[in-house]
Amino acid sequence: MIALNQVGYLTDAVKKAVLTKGNSFQVFQIVDGENKAVLEKKAEAFGMDEASQDEVSIADFSEITQAGIYFIKDNTGDISYRFAIGDDIYQPLQKDLLKALYYQRCGCALEEKHAGVYTHACCHTGEAKLWENHEISKEVNGGWHDAGDFGRYISPAAVAVAHLLYAYMLFPESFQEEINIPESGNGVPDILNECRYELEWMLKMQDEEGGAYHKLTSAMHADFMMPEEDKSQFYLFPVSSMATADYAASMALASRVYAAYDKAFADKMMDAAKKAWSWLEKHPEYIGFKNPENCNTGEYDDVCDKDERLWAAAEMFVATGEGKYQNVLKELCKENLGKTDFGWTDVSGLASMAILTDAKKQAEEGIRQEFRDIILAEADRLVKLREECGYMVAMKPEDYVWGSNMVVLNRAMLMVLACTMLEKTETDEKNSEIEDSQLKMQKKLYENTALAQMHYLLGTNAVGYSYVTGYGENAYKNPHNRPTECDGIELPMAGWVSGGPSGIPYDETAIQNIPQGTPPMKCYLDHVMCYSLNEITIYWNSPAVFVTAYFNR
Ligand code: 9MR
Ligand code: ZN
């Protein structure tokens, strides 16, 4: 097999494909659109790749900088999927990754004008009952379906929205084009229009005391059906401290971002954030969430809420500049939190994101330095991991967990954050020329590591799939997603990131079909029933939007 990024490579980036052992002599050619070999070279033996147990060689064709469509041919006659070289090749991808969230909208119809063939009628509009008191009902319609199921959960929502809002804040120039959603053309960037659909729902998910309901789902996952056919009763599940802290954080962040577009909306979110913060002050203890009996929808449970509280403190501080939040932040910094992760289980990296991207640099120098050191140290660790892997992805065998592509992408986010930290602003002190060139080299290394994660996602992996629907000649086609399976349309909409391989598969189909002892990078099936390998979620797409937006500037 020849594994490569099936979408392609940026003109001036490092370009490498992976040849597996079958391609014995390892001489390869790069063939262009006119069937002309434009490069012939020897691949370099790498040895055994641990996570796949493949013996691999690396074909480096970085010297090809002419935009175009190519494929690779080796001396055994093996031929790769086609790929492009160019500077705008990730632009359609970024748009579809974002547009995918529109298809998750709940509580409204998806019209042909915006959804094309993927229309459906309005779904899930009844009132929800409090799980703990069925006498009380509330209208909490809206938001995005979390994943292949129809549930809506606060922590994943908060995290996904945060990734998107940071993408917009840091790389606004990548969001000038419309994505054809109902609000397009209203003078607000579509990424903010789409996020607002989720935020308006989140505003309804707060109780009188300020706590955020952990989730809004039916008792049991619906069978496979279109969203509008699901008439089951939805419930509001109890408030958790994890959800409430994520809620405070994302609301504070959103209030900052929307202030320039809609002051009233921004203020409303800041009030919600403050209310959630007061709740957190009143409940310093960890209040987790466990599914009650007779409920099997997502749990999104955690063992600690310190990282969520850290993120909340960071966002509240950056949004308000008030010292009391910084004090809490400092206290929580004494806890042993990673500060490098951006997923729903560990959001402490989002605190780093808040502090380090704050243009006003409000945090004390010591705190900024601490966060900065942690992010750069992690970036260096990831560069090493990438170098140790035959498929050039910063992942260890044990990192292939349920939703491993989130790990892949969150690490790409970290590399991007590290890159932005190396960019000098006008107010920064001037460097010597030597320092400047060192910084440039360091940044290139980080960029290439972020790109390596994208290359893996888009095909440079041991199963040869692109894990984004519609992107790549061998893109996966059977996501575990109810509308995709039930709409009678053959192909899924483009732009969905699959959860990806899991060393320990959890669903029946995967357990029965993946032989024990399969190396973790290969524990994948493009099968609709494989919810532990091939589902889609809002928070597996959101980091991919962040990363592509950086490269699309
Ligand atoms: O993404 C979640 C993954 O990290 C967990 O290991 C898994 C089991 O708890 O749950 C995943 O989240 C699912 C959620 O519970 C319900 N909606 C679909 C999510 C993706 O599979
Ligand atoms: Zn719905």
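Yes/no per residue for (1) open to solvent by 10 Å² or more (accessible area, probe 1.4 Å); (2) closer than 24 Å to PRO227 by Cα; (3) within 16 Å of ligand 1 (Cβ to nearest atom); (4) not assigned by TED's automatic domain parsing to the domain that holds MET353:
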residue	(1), (2), (3), (4)
GLU111	yes, yes, no, no
ALA128	no, yes, no, no
ASN133	yes, no, no, no
ASN141	yes, yes, no, no
ALA158	no, yes, yes, no
ILE179	yes, yes, no, no
PRO189	yes, no, no, no
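Would you call ILE514 among the β-branched types (Val, Ile, Thr) and either surrounded by 24 or more Cβ atoms within 10 Å (Cβ to Cβ) or within 13 Å of ligand 1 (Cβ to nearest atom) (or both)? Lay out the reasoning, then the answer.
Details: among the β-branched types (Val, Ile, Thr): yes; either surrounded by 24 or more Cβ atoms within 10 Å (Cβ to Cβ) or within 13 Å of ligand 1 (Cβ to nearest atom) (or both): no.
Taking the combined requirement at face value, the residue does not satisfy it.
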Checklist outcome for this item: Selection from the range 439-450 of residues in contact with a helix residue (DSSP H, G or I) (Cβ under 7 Å, 6 or more places away or on another chain), touching a residue at least 24 places away in the same chain (Cβ under 8 Å) and not basic (Lys, Arg) yields LEU445, TYR446, GLU447, THR449, ALA450
Next on the checklist: Report every pair of residues separated by at least 6 positions or lying on different chains whose Cβ atoms are under 6 Å apart, first residue within the range 224-244 and within 16 Å of ligand 2 (Cβ to nearest atom), second open to solvent by 10 Å² or more (accessible area, probe 1.4 Å) and among the basic types (Lys, Arg).
Outcome noted: PHE224/ARG482; TYR235/LYS129
Item to check | Members of the range 396-407 found to be part of a loop (DSSP other than H, G, I, E, B) and open to solvent by 10 Å² or more (accessible area, probe 1.4 Å), listed by number | outcome: LYS396, VAL401, TRP402
Next on the checklist: Among the residues of the range 274-289, are any more than 16 Å from ligand 2 (Cβ to nearest atom), under 22 Å from the mean Cα position of the chain (by Cα) and buried (at least 16 other Cβ atoms within 10 Å of the Cβ)?
Outcome noted: no
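Taking only the range 39-74 into account, find how many residues are open to solvent by less than 70 Å² (accessible area, probe 1.4 Å) and of a type outside the set (A, V, I, L, M, F, W, C). Outline the logic, then answer.
First pass over the range 39-74, keeping only residues open to solvent by less than 70 Å² (accessible area, probe 1.4 Å): 39, 41, 43, 47, 49, 51-52, 54, 56-62, 64, 67-68, 70-72, 74.
If we keep only those that are of a type outside the set (A, V, I, L, M, F, W, C) too, we end up with 41, 47, 49, 52, 54, 57, 60, 62, 68, 70, 74.
Residues meeting the conditions: 11.
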Checklist outcome for this item: Counting only residues in the range 470-492 that are in a loop (DSSP other than H, G, I, E, B), away from ligand 2 (no atom under 16 Å from the Cβ) and in contact (Cβ under 8 Å) with a residue 60 or more places away in the chain, the one surrounded by the fewest Cβ atoms within 10 Å (Cβ to Cβ) is identified as ILE489
Checklist entry - Out of the range 408-449, which residues are within 17 Å of ARG372 (Cβ to Cβ), surrounded by 23 or more Cβ atoms within 10 Å (Cβ to Cβ) and β-branched (Val, Ile, Thr)? => result VAL416
Item to check | All positions within the range 517-539 that are open to solvent by less than 10 Å² (accessible area, probe 1.4 Å) and not in a loop (DSSP other than H, G, I, E, B) | outcome: MET521, THR537, ILE538
Checklist outcome for this item: Within the range 113-126, the residues that are away from ligand 2 (no atom under 15 Å from the Cβ) and surrounded by 14 or more Cβ atoms within 10 Å (Cβ to Cβ) are HIS114
Next on the checklist: Of the residues LEU337, LEU350, only one is touching an Asp or Glu at 6+ places or on another chain (Cβ under 6 Å) and open to solvent by less than 40 Å² (accessible area, probe 1.4 Å); which?
Outcome noted: LEU337
Checklist entry - Where residues in the range 221-259 are among the acidic types (Asp, Glu) and open to solvent by less than 30 Å² (accessible area, probe 1.4 Å), which of them is nearest to ASP305 (Cα to Cα)? => result ASP246
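The values are calculated or read from the model by the stated rules, or taken from the named source; none is laboratory data. Given the structure is predicted, the values throughout are model-derived calculations rather than measurements. Please note: Cβ atoms are built from the backbone with ideal geometry, for glycine as well, and neighbour counts cover all protein chains shown. Heads up: the accessible areas ignore ligands, DNA and RNA and are worked out on the full protein's heavy atoms, side chains in. Shrake-Rupley method; radii C 1.70, N 1.55, O 1.52, S 1.80 Å.
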